[in-house]
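Peer 1: To start, I am sharing the structure in question, which I have written as C-alpha coordinates.
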Amino acid sequence: MKEYLEQASSFVKDRWHRPVGLFAACAIAFALLVFYFAGIDIKQVSAVEWAIVSIVIIGLIVVWRKFRLPHVPKDKVGFGIAIKFEDSEQENKLRADFLIPLRQLLTSSNSAYSQRINCIELPQSIASELVEDDEKARRVAKEANLAFILFGRARVRTVEGASRYVVDLRAGVRHRQLQESVQRNFLSEFSEALPRRFVFRLDETIFECEFAAKHVDAYVRYIFATAAAFSHEFGFAENLLMEAERRLELISQQEEGNQTPTAVLLRKVQTRLAEIYEAWLDILMWRHNHLRDAGVLGEA
(Lines give C-alpha, C1' and ligand atoms only; values in the text may rest on other atoms or scores of the structure.)
Protein backbone atom coordinates (compact mmCIF):
# COMPACT_ATOMS: atom_id res chain seq x y z
CA MET A 1 0.00 0.00 0.00
CA LYS A 2 2.80 2.39 0.91
CA GLU A 3 4.50 1.74 -2.42
CA TYR A 4 1.31 2.57 -4.34
CA LEU A 5 0.82 5.78 -2.36
CA GLU A 6 4.41 6.84 -3.11
CA GLN A 7 3.88 6.19 -6.82
CA ALA A 8 0.61 8.12 -6.79
CA SER A 9 2.25 11.01 -4.92
CA SER A 10 5.11 11.10 -7.43
CA PHE A 11 2.63 11.07 -10.34
CA VAL A 12 0.70 14.03 -8.91
CA LYS A 13 3.86 15.98 -8.06
CA ASP A 14 5.31 15.63 -11.57
CA ARG A 15 2.04 16.71 -13.21
CA TRP A 16 0.61 19.08 -10.60
CA HIS A 17 0.75 22.16 -12.84
CA ARG A 18 -1.39 20.49 -15.50
CA PRO A 19 -5.12 19.52 -15.42
CA VAL A 20 -4.22 15.82 -15.26
CA GLY A 21 -2.37 16.50 -12.01
CA LEU A 22 -5.43 18.17 -10.51
CA PHE A 23 -7.67 15.30 -11.64
CA ALA A 24 -5.30 12.72 -10.14
CA ALA A 25 -5.04 14.63 -6.84
CA CYS A 26 -8.83 14.91 -6.55
CA ALA A 27 -9.31 11.23 -7.39
CA ILE A 28 -6.74 10.13 -4.81
CA ALA A 29 -8.14 12.44 -2.12
CA PHE A 30 -11.67 11.21 -2.85
CA ALA A 31 -10.66 7.54 -2.67
CA LEU A 32 -8.63 7.92 0.53
CA LEU A 33 -11.27 9.95 2.38
CA VAL A 34 -14.14 7.65 1.38
CA PHE A 35 -12.11 4.61 2.39
CA TYR A 36 -11.24 6.27 5.72
CA PHE A 37 -14.87 7.14 6.43
CA ALA A 38 -16.60 3.96 5.25
CA GLY A 39 -14.14 1.31 4.13
CA ILE A 40 -15.33 -0.32 0.91
CA ASP A 41 -19.03 0.47 1.44
CA ILE A 42 -19.61 3.95 0.00
CA LYS A 43 -23.19 3.93 1.35
CA GLN A 44 -21.82 4.27 4.88
CA VAL A 45 -20.45 7.78 4.22
CA SER A 46 -22.55 10.31 6.12
CA ALA A 47 -23.66 13.72 4.88
CA VAL A 48 -21.10 15.48 7.07
CA GLU A 49 -18.34 13.25 5.72
CA TRP A 50 -19.44 13.97 2.14
CA ALA A 51 -19.22 17.65 2.99
CA ILE A 52 -15.64 17.15 4.23
CA VAL A 53 -14.75 15.33 0.99
CA SER A 54 -16.24 18.18 -1.05
CA ILE A 55 -14.35 20.82 0.94
CA VAL A 56 -11.04 18.98 0.45
CA ILE A 57 -11.60 18.67 -3.31
CA ILE A 58 -12.61 22.33 -3.61
CA GLY A 59 -9.49 23.26 -1.66
CA LEU A 60 -7.35 21.27 -4.09
CA ILE A 61 -8.95 23.08 -7.02
CA VAL A 62 -8.34 26.50 -5.42
CA VAL A 63 -4.68 25.66 -4.72
CA TRP A 64 -4.22 24.25 -8.23
CA ARG A 65 -5.65 27.39 -9.84
CA LYS A 66 -3.14 29.48 -7.89
CA PHE A 67 -0.10 27.41 -8.89
CA ARG A 68 -1.15 25.98 -12.25
CA LEU A 69 0.94 26.52 -15.35
CA PRO A 70 -0.25 29.59 -17.31
CA HIS A 71 -0.87 29.20 -21.03
CA VAL A 72 -0.20 31.78 -23.75
CA PRO A 73 -2.91 32.12 -26.46
CA LYS A 74 -2.01 30.66 -29.84
CA ASP A 75 -2.07 34.03 -31.58
CA LYS A 76 0.58 35.44 -29.20
CA VAL A 77 4.35 35.06 -28.93
CA GLY A 78 4.93 33.80 -25.40
CA PHE A 79 7.76 35.01 -23.17
CA GLY A 80 8.03 33.29 -19.79
CA ILE A 81 10.04 34.28 -16.71
CA ALA A 82 10.87 31.74 -14.00
CA ILE A 83 13.36 33.17 -11.50
CA LYS A 84 13.75 31.36 -8.16
CA PHE A 85 14.21 33.74 -5.20
CA GLU A 86 15.60 32.86 -1.77
CA ASP A 87 13.16 34.98 0.24
CA SER A 88 10.15 37.26 -0.19
CA GLU A 89 12.03 40.49 0.51
CA GLN A 90 14.52 39.77 -2.25
CA GLU A 91 11.69 38.66 -4.54
CA ASN A 92 9.74 41.90 -4.05
CA LYS A 93 12.84 44.04 -4.60
CA LEU A 94 14.05 42.37 -7.80
CA ARG A 95 10.56 41.96 -9.19
CA ALA A 96 9.93 45.69 -8.83
CA ASP A 97 13.37 46.76 -10.13
CA PHE A 98 14.11 44.10 -12.76
CA LEU A 99 11.21 41.84 -13.80
CA ILE A 100 8.45 44.43 -14.06
CA PRO A 101 10.63 46.89 -16.07
CA LEU A 102 11.63 44.02 -18.36
CA ARG A 103 8.01 43.12 -19.03
CA GLN A 104 7.17 46.77 -19.64
CA LEU A 105 10.06 47.15 -22.09
CA LEU A 106 9.00 44.12 -24.10
CA THR A 107 5.40 45.31 -24.45
CA SER A 108 5.90 49.08 -24.44
CA SER A 109 6.02 49.60 -28.20
CA ASN A 110 2.76 50.66 -29.81
CA SER A 111 3.38 48.64 -32.98
CA ALA A 112 1.08 45.75 -33.82
CA TYR A 113 4.10 43.46 -33.80
CA SER A 114 5.04 44.24 -30.20
CA GLN A 115 1.43 43.70 -29.14
CA ARG A 116 1.88 40.05 -30.13
CA ILE A 117 4.34 39.48 -27.27
CA ASN A 118 2.66 38.01 -24.20
CA CYS A 119 4.79 38.04 -21.02
CA ILE A 120 3.98 35.73 -18.11
CA GLU A 121 5.77 35.02 -14.85
CA LEU A 122 5.70 31.40 -13.73
CA PRO A 123 5.01 30.50 -10.07
CA GLN A 124 7.93 29.97 -7.68
CA SER A 125 7.00 26.29 -7.41
CA ILE A 126 7.80 25.91 -11.12
CA ALA A 127 10.83 28.21 -11.03
CA SER A 128 12.44 26.08 -8.32
CA GLU A 129 12.25 23.04 -10.61
CA LEU A 130 13.89 24.79 -13.56
CA VAL A 131 16.95 26.35 -11.89
CA GLU A 132 19.44 24.17 -13.77
CA ASP A 133 17.21 21.80 -15.75
CA ASP A 134 17.20 22.77 -19.43
CA GLU A 135 15.13 19.76 -20.47
CA LYS A 136 12.36 20.49 -17.97
CA ALA A 137 12.42 24.16 -19.04
CA ARG A 138 11.82 23.08 -22.64
CA ARG A 139 8.89 20.90 -21.55
CA VAL A 140 7.35 23.74 -19.56
CA ALA A 141 7.81 26.11 -22.50
CA LYS A 142 5.99 23.67 -24.78
CA GLU A 143 3.12 23.11 -22.33
CA ALA A 144 2.69 26.86 -21.69
CA ASN A 145 3.09 27.73 -25.42
CA LEU A 146 6.16 29.87 -24.77
CA ALA A 147 8.46 30.82 -27.62
CA PHE A 148 11.10 31.88 -25.09
CA ILE A 149 11.67 31.11 -21.41
CA LEU A 150 14.11 32.93 -19.13
CA PHE A 151 14.88 30.99 -15.97
CA GLY A 152 17.43 30.87 -13.17
CA ARG A 153 17.86 31.98 -9.58
CA ALA A 154 18.53 35.13 -7.58
CA ARG A 155 20.24 35.33 -4.20
CA VAL A 156 22.32 37.61 -1.98
CA ARG A 157 26.01 36.76 -1.82
CA THR A 158 29.25 38.43 -0.77
CA VAL A 159 31.16 39.67 -3.81
CA GLU A 160 34.44 41.58 -3.40
CA GLY A 161 33.76 42.02 0.30
CA ALA A 162 30.26 43.43 -0.03
CA SER A 163 26.74 41.97 -0.21
CA ARG A 164 25.32 41.84 -3.72
CA TYR A 165 22.27 40.53 -5.52
CA VAL A 166 23.51 37.76 -7.82
CA VAL A 167 21.14 36.73 -10.61
CA ASP A 168 22.10 33.68 -12.70
CA LEU A 169 20.12 33.32 -15.91
CA ARG A 170 19.55 30.59 -18.45
CA ALA A 171 17.22 30.60 -21.42
CA GLY A 172 15.34 28.29 -23.73
CA VAL A 173 13.77 29.00 -27.11
CA ARG A 174 11.22 27.11 -29.23
CA HIS A 175 11.22 27.46 -33.00
CA ARG A 176 10.38 25.57 -36.16
CA GLN A 177 12.37 22.47 -37.09
CA LEU A 178 15.72 23.41 -38.63
CA GLN A 179 18.52 21.64 -40.42
CA GLU A 180 21.04 20.21 -37.96
CA SER A 181 23.84 22.62 -38.92
CA VAL A 182 21.54 25.67 -38.74
CA GLN A 183 20.13 24.45 -35.42
CA ARG A 184 23.63 24.04 -33.97
CA ASN A 185 24.74 27.52 -35.07
CA PHE A 186 21.55 29.12 -33.80
CA LEU A 187 21.80 27.51 -30.36
CA SER A 188 25.47 28.47 -30.09
CA GLU A 189 24.74 32.09 -30.98
CA PHE A 190 21.68 32.06 -28.73
CA SER A 191 23.78 30.96 -25.73
CA GLU A 192 26.62 33.42 -26.35
CA ALA A 193 24.40 36.50 -26.60
CA LEU A 194 22.87 36.24 -23.11
CA PRO A 195 24.94 37.33 -20.09
CA ARG A 196 24.76 34.38 -17.69
CA ARG A 197 25.12 36.46 -14.52
CA PHE A 198 24.12 39.91 -13.33
CA VAL A 199 25.46 41.35 -10.06
CA PHE A 200 23.61 44.27 -8.48
CA ARG A 201 24.65 46.42 -5.51
CA LEU A 202 22.06 46.37 -2.75
CA ASP A 203 22.01 50.15 -2.35
CA GLU A 204 21.73 51.02 -6.07
CA THR A 205 19.64 48.17 -7.36
CA ILE A 206 17.16 50.23 -9.36
CA PHE A 207 19.73 51.76 -11.75
CA GLU A 208 21.67 48.55 -12.35
CA CYS A 209 18.47 46.52 -12.73
CA GLU A 210 17.14 49.01 -15.26
CA PHE A 211 20.31 48.62 -17.32
CA ALA A 212 20.13 44.81 -17.10
CA ALA A 213 16.43 44.83 -18.08
CA LYS A 214 17.20 46.91 -21.18
CA HIS A 215 19.97 44.52 -22.21
CA VAL A 216 17.79 41.43 -21.72
CA ASP A 217 14.93 43.15 -23.59
CA ALA A 218 17.18 43.71 -26.61
CA TYR A 219 18.49 40.15 -26.38
CA VAL A 220 14.97 38.68 -26.31
CA ARG A 221 13.97 40.79 -29.32
CA TYR A 222 17.07 39.56 -31.16
CA ILE A 223 16.22 35.91 -30.46
CA PHE A 224 12.52 36.37 -31.27
CA ALA A 225 13.46 38.05 -34.54
CA THR A 226 15.82 35.25 -35.52
CA ALA A 227 13.19 32.60 -34.79
CA ALA A 228 10.57 34.64 -36.70
CA ALA A 229 12.89 34.89 -39.72
CA PHE A 230 13.21 31.09 -39.79
CA SER A 231 9.41 31.03 -40.16
CA HIS A 232 9.57 33.71 -42.90
CA GLU A 233 7.83 36.29 -40.67
CA PHE A 234 10.17 38.97 -41.96
CA GLY A 235 7.99 41.93 -41.03
CA PHE A 236 7.84 40.82 -37.40
CA ALA A 237 11.59 40.11 -37.37
CA GLU A 238 12.40 43.51 -38.90
CA ASN A 239 10.29 45.39 -36.35
CA LEU A 240 11.88 43.58 -33.41
CA LEU A 241 15.43 44.14 -34.63
CA MET A 242 14.94 47.81 -35.45
CA GLU A 243 13.52 48.43 -31.99
CA ALA A 244 16.39 46.47 -30.39
CA GLU A 245 18.92 48.46 -32.44
CA ARG A 246 17.39 51.77 -31.38
CA ARG A 247 17.41 50.83 -27.70
CA LEU A 248 20.94 49.42 -27.77
CA GLU A 249 22.27 52.55 -29.46
CA LEU A 250 20.84 54.62 -26.60
CA ILE A 251 22.51 52.37 -24.03
CA SER A 252 25.85 52.30 -25.86
CA GLN A 253 26.05 56.11 -25.73
CA GLN A 254 26.51 55.77 -21.97
CA GLU A 255 29.35 53.24 -22.28
CA GLU A 256 32.96 53.37 -23.41
CA GLY A 257 34.64 50.89 -25.74
CA ASN A 258 33.41 48.63 -28.53
CA GLN A 259 33.72 45.31 -26.70
CA THR A 260 31.12 45.87 -24.00
CA PRO A 261 28.21 43.37 -23.93
CA THR A 262 25.95 46.09 -25.30
CA ALA A 263 28.27 46.89 -28.21
CA VAL A 264 28.68 43.20 -29.06
CA LEU A 265 24.92 42.61 -29.03
CA LEU A 266 24.34 45.76 -31.11
CA ARG A 267 26.67 44.45 -33.84
CA LYS A 268 24.85 41.10 -33.79
CA VAL A 269 21.50 42.87 -34.17
CA GLN A 270 22.74 44.99 -37.09
CA THR A 271 24.27 41.96 -38.81
CA ARG A 272 21.07 39.94 -38.37
CA LEU A 273 18.98 42.81 -39.74
CA ALA A 274 21.11 42.89 -42.90
CA GLU A 275 20.83 39.09 -43.26
CA ILE A 276 17.04 39.25 -42.91
CA TYR A 277 16.77 41.95 -45.58
CA GLU A 278 18.87 39.82 -47.93
CA ALA A 279 16.78 36.68 -47.32
CA TRP A 280 13.54 38.66 -47.59
CA LEU A 281 14.60 40.18 -50.91
CA ASP A 282 15.63 36.76 -52.29
CA ILE A 283 12.18 35.36 -51.53
CA LEU A 284 10.42 38.37 -53.07
CA MET A 285 12.52 38.05 -56.24
CA TRP A 286 11.70 34.34 -56.46
CA ARG A 287 7.99 35.05 -56.10
CA HIS A 288 8.20 37.73 -58.80
CA ASN A 289 10.24 35.65 -61.25
CA HIS A 290 8.54 32.29 -60.81
CA LEU A 291 5.01 33.14 -59.71
CA ARG A 292 4.65 36.49 -61.46
CA ASP A 293 3.32 37.89 -58.22
CA ALA A 294 2.99 41.65 -58.80
CA GLY A 295 2.18 42.21 -55.12
CA VAL A 296 5.81 41.72 -54.15
CA LEU A 297 6.67 45.10 -55.65
CA GLY A 298 4.62 46.86 -53.00
CA GLU A 299 6.01 44.63 -50.26
CA ALA A 300 9.58 45.37 -51.38
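Peer 1: So which helices (runs of 4 or more DSSP H) stay within segment 182-300 end to end and still have 1 or more residues that are modelled with pLDDT of 85 or more? Even if it seems obvious, please write down each step before you answer.
Peer 2: Working: elements: 205-230, 234-252, 261-291, 295-299.
Fully inside segment 182-300 and qualifying: 205-230, 234-252, 261-291.
Yes/no matrix, rows are residues, columns are (1) outside any helix (DSSP H, G or I); (2) under 12 Å from the mean Cα position of the chain (by Cα); (3) of a type outside the set (Phe, Trp, Tyr):
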site: ARG139; (1), (2), (3): no, yes, yes
site: LEU146; (1), (2), (3): yes, yes, yes
site: ALA154; (1), (2), (3): yes, no, yes
site: THR158; (1), (2), (3): yes, no, yes
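Peer 1: Based on what the data block shows, is ILE81 crowded, with 18+ Cβ neighbours inside 10 Å and of a type outside the set (Phe, Trp, Tyr)?
Peer 2: Spelling it out, ILE81 is indeed crowded, with 18+ Cβ neighbours inside 10 Å and of a type outside the set (Phe, Trp, Tyr).
Peer 1: From the set of residues in segment 32-58 that are of a type in the set (S, T, N, Q) and over 15 Å from LEU22 (Cα atoms), which is modelled with the lowest pLDDT? Working first, answer last.
Peer 2: Restricting attention to segment 32-58, the residues satisfying the condition of being of a type in the set (S, T, N, Q) are 44, 46, 54.
The next check asks that each one be over 15 Å from LEU22 (Cα atoms); those that pass are 44, 46.
Working: GLN44: 72, SER46: 77.
Residue satisfying both the conditions and the ranking: GLN44.
Peer 1: Further, regarding this structure: Answer yes or no: is there a residue in segment 114-129 that is modelled with pLDDT of 80 or more, in a loop (DSSP other than H, G, I, E, B) and not polar (S, T, N, Q).
Peer 2: Checked segment 114-129: at least one residue is modelled with pLDDT of 80 or more, in a loop (DSSP other than H, G, I, E, B) and not polar (S, T, N, Q).
Peer 1: Mind listing whichever residues of segment 151-168 are farther than 12 Å from LYS84 by Cβ and touching a Leu at 6+ places or on another chain (Cβ under 6 Å)? Reasoning before the result, please.
Peer 2: Step one: of segment 151-168, the residues farther than 12 Å from LYS84 by Cβ are 156-166.
Within segment 151-168, SER163 is the sole residue that qualifies.
The values are calculated or read from the model by the stated rules, or taken from the named source; none is laboratory data. The structure presented is a predicted model; accordingly, all values stated were derived computationally and were not measured. Cβ atoms come from the backbone with ideal geometry, glycine included; neighbour counts cover every protein chain shown.
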